[in-house]
Every structure is written in structure tokens, then in C-alpha cells.
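The values are calculated or read from the model by the stated rules, or taken from the named source; none is laboratory data. What you see is a predicted model; the values in this text were computed from it and never measured. Every residue, glycine as well, gets a Cβ built from its backbone with ideal geometry; the counts of neighbours run over all protein chains shown.
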Amino acid sequence: MRHKKFFLAALASALLFGSTSVQAADANAFNPYTGKPLPVTRQVKGEEAKILSALGGTPRSIAADAAYRANWKEEIYPILKGSTASRHEVLVVIDFADPKSRQIWQQVARVAKSTPDASARFVLFGKSAELYATDLTGLAIWACRERKGQAIDYVTWAMQRWDSIKQGLKKQGKARPFHNEYDAVLTRKDYPMVFVAMEKCFKPRVAAAEQSNLATYAYEAGNINLFQASEVCRYYELKKASGLIVDGEVLDNPADLAARIK
């Protein structure tokens, strides 16, 4: 069973806590490198609050739940390009299942390549209306840390491959959501996307002996990031499936990205 400690904790938290929307405030609210407490948008209310208080408990936080992981900061705040010292912050919220995420991602990839690291950092938050997206996000998180400079090209490849498989399945009359790795293949003989990416998208390629463990890691990291993506969307009141948040404000038009971070 691939569901690990954090995913179960996050699910329990989501069921227990009601959601509360917080007015968009400032940049870096979700940056774990500032040393400030991270926002918690799931609030305990009413009788649940009384019970939690009586038990001596406190509301869950991502920092507490994920702190046992060696790279938890990179998982909740994966920097695609730039650094913690960059002047501007661009939060990139994407969902592979959302067609509109393509336009957003095209802008991000184009602008990021021409933006100096000192000017802006681009941070990935992956949602998953179709669950296999968590694995793909998780592999991007790994690439941010272990294959510097290659994560953006990988995500571009993953989106294109996702769409290509979707189109192929539709032609076969087998259209389906991608909820696991074998949903996202044209034939049962095909390798799952994450494993294909390990072979094709990174230099150096991922050694065969490491691929299984990396696939497990990608799933776990993607779920941690998914939890934080939902927090980001509530905090900044991003209502759409995908979007950009620049210096604490939702960007209405992705085409304005370059101008906002000059």
C-alpha cells in the first residue's frame, strides 16, 4: 500500500477541520525559509474545537506533520528556478487535468528562462483532479533538488505526454481519468510516465536500481505538496484549478507575468 504516514495524517486533517478563507496578504507566507509560522487555513470550529482543547491538542500544521522528512521544506516549497533570495515570488499552481494549465505553464517556462535568479523564484504547487498528477509533481520536486535546472523542461515534457496519451486513448474509445500509473498509458505494455521520464528527461538519467525507490518518493512528495497547494489556494483565494500568485496577489492574466517581475 503506497499511502504513507503523511498522506493519512493529511486526509484525517482535511476531514476533521473545516475550511476558512483568508484574505490574500503578503508574499512569502508559505516560504518555510523565512523562519515564520506557515499559514493554516483549516480551522477547528465549534464542538470540535472544544474537544481538541480538552484533549490538549492543537490544529495540525504542515511543518509539524512533515518535519520528519529530510527534505520537507523542498517538498512544500519546491523552487523550479531562482533562489530563496530572489526579489520576487511566483507561486505556480498547476493541475495536469486542467486544460488551462497549459497556457499558464507556457508563460512560466518562457518567462523563467529569461529571468535572472536574483529577480524571481518560481515555486511549484501541484493539484490533482486526476490522482496520478501527484506522482508527476513529486518527480518535479525531486528534480528541483537533484537535477538543478531540469525541472521546468521535465514538467513541459510531462504535460505534453499527458495530453498525447489522453488523445490516443480517446481515439481508441478508451478515454479515462488518470488516477494511477497504469491509467496513464496507451497499452498495458507501456511503462508508466514517471519511469519513462527517469529514462528520458534527466541528465544523468536515473539508474535502474534507484527507479523504484524514486517512484515511491515521488508519490509521497507529491501528496505533501498537494496538501500545501490546497492551503495556498485557500489563503490567496485562488478559485481556479490553476493559476499564478505573484508577490502575494493572484495574477488575472498569465500574459502579464513578465511585466510583474521586472
Please work out which residue is farthest from G138 (Cα to Cα), limiting yourself to region 167-204 and to residues that are without any contact (Cβ under 8 Å) to a residue 12 or more places away in the chain and among the small types (G, A, S). G173
Selection from region 217-262 of residues that are within 16 Å of the chain's Cα centre (by Cα), assigned to a helix (DSSP H, G or I) and of a type outside the set (A, V, I, L, M, F, W, C): Y217, Y219, E220, G222, N223, N225, Q228, S230, E231, R234, Y235
Answer yes if at least one residue in region 211-225 is of a type in the set (G, A, S) and more than 27 Å from A120 (Cα to Cα), and no otherwise. yes
Sort out which residues of region 140-157 are touching a residue at least 60 places away in the same chain (Cβ under 8 Å) and surrounded by fewer than 23 Cβ atoms within 10 Å (Cβ to Cβ), and write them in order of number. R145, G149, I152
Exactly one of A207, A221, A197 is among the hydrophobic types (A, V, I, L, M, F, W, C) and in contact with a Pro (Cβ under 9 Å, 6 or more places away or on another chain), and that one is A221
When both residues are 6+ apart or on different chains and their Cβ atoms are under 6 Å apart, which pairs have a first residue that lies in region 237-254 and is under 14 Å from D26 (Cα atoms), and a second that is modelled with pLDDT of 95 or more and of a type in the set (S, T, Y)? I245/Y236; V250/Y236
Can you confirm whether T187 is among the polar types (S, T, N, Q) and under 22 Å from R102 (Cβ atoms)? no
Which of the following residues is crowded, with 18+ Cβ neighbours inside 10 Å, touching a helix residue (DSSP H, G or I) at 6+ places or on another chain (Cβ under 7 Å), within 23 Å of W72 (Cβ to Cβ) and touching a residue at least 60 places away in the same chain (Cβ under 8 Å): A229, A221? A221
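Per-residue answers, yes or no, for (1) at pLDDT 95 or above; (2) surrounded by 19 or more Cβ atoms within 10 Å (Cβ to Cβ):
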residue	(1), (2)
A67	no, no
E89	yes, yes
V92	yes, yes
A118	yes, no
L124	yes, yes
A129	yes, no
A133	yes, yes
